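The values are calculated or read from the model by the stated rules, or taken from the named source; none is laboratory data. Fair warning: this is a prediction, and the values are worked out from it, not measured in the lab. A quick note on method: Cβ atoms are made from the backbone with ideal geometry, for glycine too, and the neighbour counts reach across all protein chains shown. The accessibility values were calculated without ligands, DNA or RNA, using every heavy atom of the protein model including side chains. Shrake-Rupley method; radii C 1.70, N 1.55, O 1.52, S 1.80 Å.
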2 protein chains.
Amino acid sequence: MTSTITALSQKANNLRIHSIVSTSESGSGHPTTCMSAADIVSVLFFHSMRYDIHHADHPNNDRFVLSKGHAAPLLYAAWAEAGIIEVDDLLNLRKIDSDLEGHPTPRLPWVDVATGSLGQGLSVGLGMAINGKYLDQLDYRVYVLMGDGETAEGGVWEAAALAAHYKLDNLVGIVDVNGIGQSQQTMYGFDVDSYCRRFESFGWNTISIDGHDIGQIISAFTQAHSIKEQPTMIVAKTFKGRGVSFAENVDGWHGKAIPDEQLEQALKELGPVVDVPVPIQAPTVSKLQSQSVSKIEPPKYQIGNEIATRSGYGTALAKLAAANPNVVALDGDTKNSTYAEQILEVDENRYFEMYIAEQNLVGAGIGLSKRGKIPFVSTFAAFFARAYDQIRMSAISQANIKYVGSHCGISIGEDGPSQMGLEDLAMFRAIPDAVVLYPSDPVATERLVAESAQYDGIVFLRTSRPKTSVIYNNKEMFPIGGSKILKSSENDQITVVGAGVTVHEILKAYQELRAAELLIRVIDLYSVKPIDAQTLIKSAESTGNIIITVEDHYPEGGIGEAVQSAVSENGICVHKLAINGIPRSGQPDELLRAFGIDANSIVKKVKAVLSR
Amino acid sequence: MTSTITALSQKANNLRIHSIVSTSESGSGHPTTCMSAADIVSVLFFHSMRYDIHHADHPNNDRFVLSKGHAAPLLYAAWAEAGIIEVDDLLNLRKIDSDLEGHPTPRLPWVDVATGSLGQGLSVGLGMAINGKYLDQLDYRVYVLMGDGETAEGGVWEAAALAAHYKLDNLVGIVDVNGIGQSQQTMYGFDVDSYCRRFESFGWNTISIDGHDIGQIISAFTQAHSIKEQPTMIVAKTFKGRGVSFAENVDGWHGKAIPDEQLEQALKELGPVVDVPVPIQAPTVSKLQSQSVSKIEPPKYQIGNEIATRSGYGTALAKLAAANPNVVALDGDTKNSTYAEQILEVDENRYFEMYIAEQNLVGAGIGLSKRGKIPFVSTFAAFFARAYDQIRMSAISQANIKYVGSHCGISIGEDGPSQMGLEDLAMFRAIPDAVVLYPSDPVATERLVAESAQYDGIVFLRTSRPKTSVIYNNKEMFPIGGSKILKSSENDQITVVGAGVTVHEILKAYQELRAAELLIRVIDLYSVKPIDAQTLIKSAESTGNIIITVEDHYPEGGIGEAVQSAVSENGICVHKLAINGIPRSGQPDELLRAFGIDANSIVKKVKAVLSR
């Protein structure tokens, strides 16, 4: 044991040296926060964790999430010491041609998820732990290293509640209590008990240790592994800048590389890097059963029937889950409104209730996606705003995750503006490579859910509350990036584009206008992103270079601006009907009228534009 | 005491009857969640709270925040019983021409903030309590009524930590533990202790009661009022649907009005509405000192000096705070990066550290704004994504709040994508009536901060990390909704529009293009919303109907789409340079080049567009 402690202590020292040298070389970064956690990471990577250094993708590797992402140099240093990357490579930290970025991203094969927006790691770890315990039933453990400052983030406590609720004894968190935040002392300073008390009250096993005592760290992990049916939080008192006298526990060193003139002294205090051979535990051998995916049952609707797209989503999710065993669903206590609950009829083990906690809902989904699942994560479209930072990070994390937002727009009616998703298209369109889908009937919904599962990446599917007519034949297909021309003739005078509920209003307007011998081309833009620019441009060109868009969304960032972006280099005029100002309670049809996106408003707009 | 209890009990019964009748009349709503909290609200409104029923705007009225906003009918019923509104008016619940909306909004004078997105009320209450205790030093108390399900929201725990940290003994929370969520039992069911334990561990005084026992409720509030230097959480065990046998503690009644055929039985069980005269305590008399606002010191820079706009913000905030005593600042432990810390030099009592907890940061800001302060709330632009739901609600709440997001875009450099605000313009543009400002130098920054304080509503100010040249004269003014034409001639061939860092790249491109005898018009679009459509259209019309936009933001929802929206009815072609795909770590100039928004990329784009 003494030799183990000595070896791990030297490894920690190596990690500190690498962290200092690499950040000084790059001239920026966070060496002092690396130094506080170096002993913990040494024990984890070279004693407690089980992983195959040659296979980052081994399904039973223990997982490590560096929630305090600004300690990235420490993580890279651990890999270098483990022989995963070259020590020399550490000097490329933060360079544009290196994947050793300022905060970890999955450009590196050993990084599951991007971190750097604090307080998100525990949710991701929770998703991975749920997978290990309940789905793949593998014995890997999930370790999440957090800073003390980031526990102020509410998302941490959402995850804390859920991890205890799901009895995740395969989840181990560590809080690195170095007491110093970015701009001042943290809220609790070195009050280690305050962390223990809070996690205990949330149902966790907690262990308080000196985070620089290798023996205590080893014991803590050993104890954590012995606890059943409960997650463990190790609360480690540490010092920022540990090991270098002028930086240790000294304020003002956050996010600063040690300048050249002080580097020599720092390295002198730490001594040389010493090659310490330490065995790394391999993961237990285990094989994931290969899962066979079968064909999804096609839609079965009758044209003209009244069915909400959110209901179509429930049907589609159940069919998809029956066909694909990797599909799982999560919802934030809205499953009877989003219809996610329909998966329960197929397999109740593939639904995870995340309660009213959307940040963790999304974070857990990201974690599940990183263990090979295809999570369908649903709530009201409006409430995805609660998790927009996590959604943003899910893109940097290259997650394969599907967001389903119901109750979009004013068409929900009486519940009023707090429940209406009216900025969700803007949110999701601004996520790089995200697909944004918005079906107008249940046939389209079912097809798009199937398409979503096929697409490797982020998809947002926007569903509506009210019942609307089935307008598509069951055999109709809806490829991502496409659109549907619903009405077309050689004499069309204008192109009118909608999606979701407004498609139905446009079709009503079409009838009225046709009666007045005014023909319009009608496009259902079910794929808002990627957008079918070719069809839009071609249609506009044959209808006088004019498009009107109609959307149940605020004017900014929605369908109108998506269409403008698609056609704006072609000098096509785009006129928008959208929701202006904060809406209010009322009946759906009253609201569509009052906010100017009903059939009558469309008729008026078409006439006004044509008479210009 | 007995007669008080009897009276309050009858009042509670009246509230239940009103809640049932009004929701049944509207055919939707949440009567059962009103019934669980009816006794609590009865005691609050008719015994414990002090307010002037004739003056919603009395500065020393106790404040009530209905965090469980779906219990709106109960709140409206309490007003009716207090004589604030007519009982008959309750029958207009949820109608389009009534302000008695499905969830409360400040269209009603007695509602401070909109609720309905759960788990936000405690932060708002915290902001109001901070104002009472530390700023206005009034003795009003703030009561926040929460549902049990919503305590799963992390934002609640952010507020819990801060309220204890700031020793807010004027803040009283109530958790209505009715055990039933929307789609199933809550995570903790009737485990009242679990709520007490958790709030206690966060530093609160807690009191556990039977929420249907009027005597216990009265005692709890009395005890809460006696506690010093600590907020109190009253955890009340209740039954959803209390008082109506077929709905009481029965699953499946969430969000359902009692149907006509069962209404009679429900009303029979509750008995008639009885007129009970109950005295309402008046607020203690107190006068807010009127605060005089003086003139702000003008900018003092030298053209050509290199100063970051975030630094300009710090200077401006300090000057503004010196001139206007209502200005306060909040930040989430980034004050040394956003430069919000400069207010400390003027008045350390008007800065509130909110630590790394952005949801509460924004929620507390909303609360402060509702007590007459002008809060400047700052963090990295990227991290406002963490509070987008609160920001969305701040608009419905009609808050007068200023969001300042620093470190926007790839120009931050080595820290990498997690720290780069690249969707913030999309986020804030989609907020109705929000002003979105994006200065390119410190003169513009100072002027725009002053303008922000003048504007009554939401403002987002986007600042940049890198030092850039001062380009404006100190006397230059920057009205909201304006723009600056920086280069203009009669021979301009194209209009190039930027803001922030890209203005400097466009100016460099201008020099290079001019050397090649190609003139461009250069516009600094410092006001992204409202947008100076007139100048854009006029410029485009005199430069061949072509605009190129250059922005350090994703293509969706940013400057390019804002410009397109402004000119799209005029058939003007808009070409966009923006950040495509997830960026990475690197030096700022390397990144501007790699992602195609540097001077060289602009030169190329201008030439390419003109050669089409």
Condition (residue is in contact with a helix residue (DSSP H, G or I) (Cβ under 8 Å, 6 or more places away or on another chain) and modelled with pLDDT under 95) applied to region B:321-332: is it met by at least one residue? no
Give the residue, chosen from A:Asp275, A:Asp251, that is under 30 Å from A:Arg63 (Cα atoms) and not basic (Lys, Arg). A:Asp275
Right, B:Thr115: touching a strand residue (DSSP E or B) at 6+ places or on another chain (Cβ under 6 Å) and within 10 Å of chain A (Cβ to nearest Cβ) or not? yes
Out of everything in region B:573-586 that is among the β-branched types (Val, Ile, Thr) and facing another protein chain (nearest Cβ under 7 Å), what residue ends up being surrounded by the fewest Cβ atoms within 10 Å (Cβ to Cβ)? B:Ile582
Taking region B:409-437 as the region of interest, how many residues are under 26 Å from A:His30 (Cα atoms) and either open to solvent by less than 10 Å² (accessible area, probe 1.4 Å) or not polar (S, T, N, Q) (or both)? 15
Out of all the residues in region B:588-607, which are facing chain A (nearest Cβ under 7 Å) and farther than 23 Å from A:Gln398 by Cα? B:Glu590
Is there a residue in region B:267-286 that is part of a helix (DSSP H, G or I), touching a residue at least 60 places away in the same chain (Cβ under 8 Å) and not polar (S, T, N, Q)? yes
Output the residues belonging to region A:529-572 that are within 12 Å of another protein chain (Cβ to nearest Cβ), of a type in the set (Ser, Thr, Tyr) and in contact (Cβ under 8 Å) with a residue 40 or more places away in the chain. A:Thr549, A:Tyr554
Looking at the structure I just gave you, is A:Glu561 open to solvent by less than 30 Å² (accessible area, probe 1.4 Å), among the charged types (D, E, K, R) and within 18 Å of B:Glu569 (Cα to Cα)? yes
How about region A:132-160: which of its residues are within 11 Å of chain B (Cβ to nearest Cβ) and in a loop (DSSP other than H, G, I, E, B)? A:Asp148, A:Glu153
Total residues in region B:161-217, condition part of a strand (DSSP E or B) and surrounded by fewer than 19 Cβ atoms within 10 Å (Cβ to Cβ): 3
Report, by residue number, each residue of region A:68-99 that is in contact (Cβ under 8 Å) with a residue 60 or more places away in the chain, within 12 Å of chain B (Cβ to nearest Cβ) and open to solvent by less than 50 Å² (accessible area, probe 1.4 Å). A:Lys68, A:His70, A:Leu93, A:Arg94
Are any of the residues in region A:527-550 under 27 Å from B:Ile96 (Cβ atoms) and either surrounded by fewer than 24 Cβ atoms within 10 Å (Cβ to Cβ) or of a type in the set (D, E, K, R) (or both)? no
Any helices (runs of 4 or more DSSP H) falling wholly within region A:514-612 and containing at least 1 residues that are over 31 Å from the mean Cα position of the chain (by Cα): A:533-541, A:588-594, A:599-610
Is it the case that B:Val503 is open to solvent by less than 30 Å² (accessible area, probe 1.4 Å), of a type in the set (A, V, I, L, M, F, W, C) and touching a helix residue (DSSP H, G or I) at 6+ places or on another chain (Cβ under 6 Å)? no
Just checking, does region B:479-488 include any residue being within 14 Å of another protein chain (Cβ to nearest Cβ), modelled with pLDDT of 95 or more and closer than 27 Å to B:Ser397 by Cα? no
Could you please find all residues in region A:335-385 being open to solvent by 10 Å² or more (accessible area, probe 1.4 Å) and assigned to a loop (DSSP other than H, G, I, E, B)? A:Tyr339, A:Val346, A:Asp347, A:Tyr355, A:Ile356, A:Lys370, A:Arg371, A:Gly372, A:Lys373
When region A:226-281 is checked residue by residue, the ones that are open to solvent by 30 Å² or more (accessible area, probe 1.4 Å) and among the basic types (Lys, Arg) are A:Lys228, A:Lys237, A:Arg242, A:Lys256, A:Lys268
Name the residues in region A:373-429 that are of a type in the set (Val, Ile, Thr), farther than 29 Å from B:Gly102 by Cα and within 11 Å of another protein chain (Cβ to nearest Cβ), would you? A:Ile396
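Condition check ((1) at pLDDT 95 or above; (2) touching a strand residue (DSSP E or B) at 6+ places or on another chain (Cβ under 7 Å); (3) among the charged types (D, E, K, R)) across all residues:
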{"position": "A:Val175", "(1), (2), (3)": "yes, yes, no"}
{"position": "A:Met187", "(1), (2), (3)": "yes, no, no"}
{"position": "A:Asp191", "(1), (2), (3)": "yes, no, yes"}
{"position": "A:Cys196", "(1), (2), (3)": "yes, yes, no"}
{"position": "A:Phe199", "(1), (2), (3)": "yes, yes, no"}
{"position": "A:Phe202", "(1), (2), (3)": "yes, no, no"}
{"position": "A:Ile214", "(1), (2), (3)": "yes, no, no"}
{"position": "A:Ile218", "(1), (2), (3)": "yes, no, no"}
